[in-house]
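Input: a single structure, listed below in structure tokens.
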Amino acid sequence: MRNHRRGRVVDGHGDLHSELGPSRGEHSGRAINPTIKVTDLAWLEFEKPDLARAETFARAFGFAVAAREPDTLHLRGSLPGAPCVVIRKGARSRFVGPIFKAAAAADLNRLANATDRRVEPLTDRTAGSIVQLTDPSGFAVGVVHLSGELPALAEQQTQILNFGAEPRRINATQRPPRTPALVQRLGHVVLQTPHFARALNWYLDTLGMIVSDFQYPPGQRERGPALAFIRCDRGTVPADHHTLALNLGPAAGYSHSAYQVADLDAVAAGGEYLLQRGYHRAWGIGRHVLGSQIFDYWYDPDNLAVEHFTDGDLFDNTVEAGWSPLTASGLSQWGPRVTQEFLGAKPSLRLVRDVVAGLRGDNEITPSRLTGMANGLRQ
């Protein structure tokens, strides 16, 4: 697939983000006539039984508390906008669903009419309206138009770096403090689904998102992708390489969510701060291949994975989808090898139950697909 820029056709993959583009007949990664085009994630919603424990970890991770009520915790980053995360008190720890931003209030009416839903007022502290949907995997998905936004907070100071023959720091030392890596904003969420194709097409058709990269089990490209990195279509305005990622798996579930911080020193020093407080690193520090982010993953007290990232790729809508095999070694350019625990592939009774249920269900899970993915994640 090629891109058109300034009246000429140029290669979109050989020297860009993926060695391969789509072949004839493969998924284009876009909808022809989507209902609306969301512009970003607004926030993510979770339930947790212990809000005090959740707040303690959130502050150590680098969130600011936007509001604290008896049964709800609103967490935010330093950039202006909506809260990054809303946590409500619940019987168990679970991910509820993502909330996306609409470009205009009229988009909510268009979306509501197309999906036979209503435009409703937001009931929390955030002013605006919402259309509440359910995606094919069963996640609660909201689309909001906000009437206002939270003001900016003070930013974490970035480090002045000396680059080879271009020094910028003279007669000064470098001493990044071991403090929380202040979250700037919500970047993306990754979800697993046994209904991969249906879920993918729903987000493209309904919310107007577009695919940055597809991945497939090694040797199974002809069977279609099993993972998609999906971004918002803002036209010529660049967007994160992925705002949402979907991967095929035996059961629907939350994989991780990612939050931008200032720079590499914030990632590293923030990680030392978390280690000193007894929290468990899930994977990192490293740099991804697809998306290019410098990353560091952590488990919260309820064993849900969250990521610090910085220096991610930004694409406008001229960049077409790339295609590559899904392997463990292909997840990072440098850094420690990813663990089977982080990938959700470590043998356990729960994994066996999910696989058995997935193979019996009405979905896209087959023994050959699972075998191909498992083989790839060992490479």
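The values are calculated or read from the model by the stated rules, or taken from the named source; none is laboratory data. Since the structure is predicted, the reported quantities are computational estimates derived from the model, not experimental observations. Every residue, glycine among them, receives a Cβ derived from its backbone with ideal geometry; neighbour counts consider all protein chains shown. Areas reflect the complete protein model, heavy atoms only, side chains present, ligands, DNA and RNA absent. Shrake-Rupley method; radii C 1.70, N 1.55, O 1.52, S 1.80 Å.
The table below lists the values:
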read-out: Accessible area per residue in Å² at 1.4 Å probe, computed on the range 308-374; value: 54 Å²
read-out: L161-T366 FRET efficiency (beta carbon distance; Förster radius 56 Å; 0.05 resolution); value: 0.70
read-out: Largest-first principal axis extents of the Cα set of the range 231-375 (Å); value: 46, 44, 24
read-out: The range 61-208, accessible area per residue, ligands and nucleic acids excluded (1.4 Å, Å²); value: 50 Å²
read-out: Backbone N within the range 20-45 under 12 Å of label point (7 Å from A104 Cα along the Cβ vector); value: 37
read-out: Spin-label model distance (nm) - W334 vs A114, 7 Å beyond Cα toward Cβ; value: 4.4 nm
read-out: Over the range 190-260, relative contact order from alpha-carbon pairs under 8 Å, at least 6 apart, %; value: 44 percent
read-out: Mean projection area, nm², convex hull over Cα of the range 274-328; value: 5.2 nm²
read-out: Pairwise centroid distance, computed over Cα atoms, of the range 226-243 with the range 163-213, Å; value: 11 Å
read-out: Cubic angstrom per residue, convex hull over Cα atoms of the range 195-246; value: 79 Å³
read-out: Cα point-scatterer Debye curve for the range 148-201, base-10 log of I(q)/I(0) at q = 0.14, 0.16, 0.19 Å⁻¹; value: -0.72, -0.79, -0.88
read-out: Compactness of the chain - radius of gyration and Dmax, Cα, Å; value: 20.7, 67
read-out: Förster radius 45 Å - calculated FRET efficiency between E222 and H280, Cβ distance, rounded to 0.05; value: 0.70
read-out: Normalised contact order of the chain, rounded percent, pairs of Cα under 8 Å and 6 or more residues apart; value: 18 percent
read-out: Relative compactness, the range 168-233, computed as alpha-carbon Rg over 2.2 N^0.38 Å; value: 1.83
read-out: Straight-distance crosslink candidates among lysines, where the alpha carbon sits under 18 Å from K37 and sequence neighbours closer than 8 are dropped; value: K101
read-out: Principal axes of the range 322-379: Cα extent on each, largest first, Å; value: 38, 28, 14
read-out: Alpha carbon centroid spacing (whole Å) that separates the range 36-80 from the range 266-328; value: 19 Å
read-out: Peptides ranked, highest mean first, by Cβ atoms within 10 Å: ranges 173-183, 347-357; value: 173-183, 347-357
read-out: For q = 0.08 Å⁻¹, Debye-computed log10 I/I(0) when each Cα of the range 105-262 counts as one equal scatterer; value: -0.37
read-out: Within the accessible area of the range 231-375 (1.4 Å probe), percent carbon and sulfur; value: 54 percent
read-out: Proximal lysines to K48, defined as alpha-carbon separation beneath 21 angstrom and excluding residues fewer than eight positions away on the same chain; value: K89
